[in-house]
């Protein structure tokens, strides 16, 4: 019982109900706890099993078709067997490559603005918010936009238009992930560089950027992997190609578009080629994703 | 790291370079704003003929879609988009929360890294590959399951309408595949949110003798509610915009029906499937649907960002 | 200083790599602009031609046209031909809009297609049976009459063991499976011909008229192009749909024998098609109608297909390319037709077609 002056009461001693072992818990609480653990693991399995199933089936159905000939031969009519995905492989490399060349410098420079110059000012905050919004823009909308802005104006579908659409999809991803990496660079480096008399831009280019480069590279590779798998810009803007062409201003096709078209055919040879193309695409995507992880984990700036 | 002092010395021309560099960076940053605005303006302008032709009411509320006679009622597509996205969210959220809890509360340090890699791999699988697997492997495999659902539940008065006549490519298949695709994004945001729960609260729960589940229920989940809502909204936004996987497995049928086992259509699937053969007003109608999708996903994403950010600020303080 | 922070050397390496990749990509993209020269040599025949031809339209004859194009790749390497099977309706629209050099269509030009009179000529190319393909476990020899077909596609007959179907198939046990009707979702000449047959043969039983598009009942499924319908039929047990013979065979589908005007049930074969073509009357503009033809062995749903060509092309080179290509399709290429399940024209129609082609300038 406390006194009115608020003298502290000695803590009421609650008699311990026996030992502290888990076995003394009532059965219901224990069962609920175990059930919850099981459910968490089940949730994990529900998400992970499809991943393995997809990889397994793609490997199984696609492997029988995968060969140097498949990767370089021209595309044939869906009813015939043979042929290959040569134009699609070239198209994927070309379109994703040009898109990366457009998006990466813009994204990295924009991230430099956000983190080194803009920081918390109004423009920087607006760009951050809008860039997050832009990551959520469906790829079909981006493809339609480029179709209206470029394809309808020039009256022809080209690989370049598709590359523009892909670049627009990659830009916000590269921007935000590069900004996160730049944030991790310790301020001491910038201050030391300034103390030695370097200009802002020199500091950024010679000190900050090299320090963050592994994280930025990893982010870029993830963006490239995502871009390589995008279908809608190719279907809407790039047209159709059945022979290999290295001309970005001609109609092109790419692996995702070929998978999409062939998956809807009733002819077995076309369906087989879809699996083969899917395996090729998966290999490209997986290689980039795993490389990105390796780079970021081996060379990352450790958090202070 | 050696930095030669001389290379960093200030020169007067450095001022110009500094300014130029600043301009370059600002320009690069503002391109994002320019592109977003351009998307909005050009798509609305392009789609205007279709919306005004059909009368803006007919465009949004009519089920009749017949390009050959100039009728563009998009209700069936909007219905399909909503159904499939809600289905995906309902299926994905419990799974994602379970995985996030597993990663933050249950997992060993080594298991954690492995599982995170798996979830990232799941996120990196292209949508078209999911669609391919869906149409050739998953849908046929699920057919017997759907038939069982139809036979068991089809006759119950109200709920039975959800399980009508079975078609192998239907809303349910699309919903399930979408759910698998949005699990990674919901999981990653939810994990971040769970990570911000103060350790003290958790310790307090342990100290009071709670089991792990009771600790989660009492300390982790209440704190994280706002963040989870934000994560769910982000997942919803992603699901609504998903095009190719849905286009391949939803069955391409223009109808409004409560039957989840029936084929349907969604806005992005319709755009990508019908675009090739469209001309004139037809194309404008498709672009108009794209505008609707754009505005809705932007709003959902925007709100989601606000919710997540507010939750983060509450946890981490204003420096978040 | 932390060893984990990369030195300037790492950055230099990376930027060098990126620069090399960039230069390589630009070089590869910029070079190899293979613009085919629009010149034609004086030597006759298609093998010496060079240029580009764009065609689009019906998916019905696509199997045949793609076969020709593949053949010409080796025979005329400088000639780049593309044929995009977007459906007869879209093909006609693109022809009117100047988006293609020639259009493929199974159906004649109507007012709704907006192709001005006098801006096109019909050139018949091949013909083929439209199969009524179905997917029904345990049944492989289905026979159907026109009125049963009409009832099925109008959804008045809804299950496979309906008495109407049983009447056409004496002695066959039909399962109680529900019928799923598959049709074209795009504007199609195949639909036009199929429904034209139903109008002619099923009389009052068919109420949906005919045309590139039809108001199908709502509980049916639509697929894009012939291949789309073939996919639908293949997917679900109990589905029935109309698909051209080439695609149906390539997709491994089973087709029904249809009752012809003489009362016999005929399977869709090239012989049946040839029999239907034999008696067909050709109009002045070279359109003809082999549907519901007389004759004991005629397959009643034989459909014609045409090229639409311009009577006058802006450039004489383009006109020459079109003429040589269509001539090839009608003459040398015709030997490929049977391989891919298409029936060539009887000589009478063929001479008229070639004469029509001469009018192109």
| Do the conditions hold for residue A:210, that is, is it within 12 Å of chain B (Cβ to nearest Cβ), without any contact (Cβ under 8 Å) to a residue 40 or more places away in the chain and in contact with a helix residue (DSSP H, G or I) (Cβ under 7 Å, 6 or more places away or on another chain)? | yes
| So is residue B:268 away from chain A (no Cβ under 13 Å) and under 22 Å from the mean Cα position of the chain (by Cα) or not? | no
| Do we have residue B:233 as in contact with a helix residue (DSSP H, G or I) (Cβ under 8 Å, 6 or more places away or on another chain), within 13 Å of chain A (Cβ to nearest Cβ), assigned to a helix (DSSP H, G or I) and within 30 Å of residue B:160 (Cβ to Cβ) here? | no
| Scan of segment C:197-227 for residues that are assigned to a helix (DSSP H, G or I) and touching a strand residue (DSSP E or B) at 6+ places or on another chain (Cβ under 9 Å), ordered by number | C:197, C:201, C:225, C:226, C:227
| remark: Going through segment A:73-105 in order, the residues found to be farther than 17 Å from residue A:259 by Cβ and modelled with pLDDT of 90 or more are A:94, A:97, A:98, A:99, A:100, A:101, A:102, A:103, A:104, A:105
| request: Return the residue satisfying two criteria in turn: it lies in segment A:193-205 and is buried (at least 17 other Cβ atoms within 10 Å of the Cβ) and more than 7 Å from chain B (Cβ to nearest Cβ), and of such residues it is farthest from residue A:111 (Cα to Cα). | output: A:203
| Only one residue in B:257, B:281 is assigned to a helix (DSSP H, G or I), on the phi < 0 side of the Ramachandran plot, modelled with pLDDT under 90 and away from chain A (no Cβ under 12 Å), so which one is that? | B:281
| query | Restricting segment C:244-263 to residues that are facing chain A (nearest Cβ under 9 Å) and outside any helix (DSSP H, G or I), which is surrounded by the fewest Cβ atoms within 10 Å (Cβ to Cβ)? | reply | C:252
| message | Restricting to segment B:163-193, and then to whatever is modelled with pLDDT under 90, out of contact with any strand residue (DSSP E or B) (no Cβ under 9 Å at 6 or more places or on another chain) and buried (at least 19 other Cβ atoms within 10 Å of the Cβ), can you tell me which residue is nearest to residue C:223 (Cα to Cα)? | response | B:169
| Is it the case that residue C:132 is touching a helix residue (DSSP H, G or I) at 6+ places or on another chain (Cβ under 6 Å), within 24 Å of residue C:276 (Cβ to Cβ) and in a strand (DSSP E or B)? | no
| From the list A:239, A:229, A:215, which residue is over 21 Å from residue B:26 (Cα atoms), touching a helix residue (DSSP H, G or I) at 6+ places or on another chain (Cβ under 9 Å) and facing another protein chain (nearest Cβ under 7 Å)? | A:229
| query | Residue check: is residue C:266 more than 17 Å from the chain's Cα centre (by Cα), surrounded by 22 or more Cβ atoms within 10 Å (Cβ to Cβ) and modelled with pLDDT of 90 or more? | reply | yes
| request: Could you tell me whether residue B:200 is assigned to a helix (DSSP H, G or I) and either surrounded by fewer than 24 Cβ atoms within 10 Å (Cβ to Cβ) or modelled with pLDDT under 90 (or both)? | output: yes
| Do we have residue A:253 as more than 8 Å from every other protein chain (Cβ to nearest Cβ), buried (at least 22 other Cβ atoms within 10 Å of the Cβ) and assigned to a loop (DSSP other than H, G, I, E, B) here? | yes
| task | Take the residues in segment B:79-119 that are over 20 Å from residue B:233 (Cα atoms) and at the interface with chain A (Cβ under 7 Å from one of its Cβ atoms), then tell me which one is surrounded by the most Cβ atoms within 10 Å (Cβ to Cβ). | result | B:102
| Can you find a residue in segment B:20-31 that is more than 8 Å from chain A (Cβ to nearest Cβ) and under 25 Å from the mean Cα position of the chain (by Cα)? | no
| query | List the pairs whose first member sits in segment B:50-75 and is outside any helix (DSSP H, G or I), whose second member is at pLDDT below 75, and whose Cβ atoms are under 6 Å apart, counting only residues at least 6 apart or on separate chains? | reply | B:72/B:54; B:73/B:58
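The values are calculated or read from the model by the stated rules, or taken from the named source; none is laboratory data. The structure displayed is predicted, hence computed values, not measured ones. Reconstructed Cβ throughout: ideal geometry from the backbone, glycine too, with neighbour counts over all protein chains shown.
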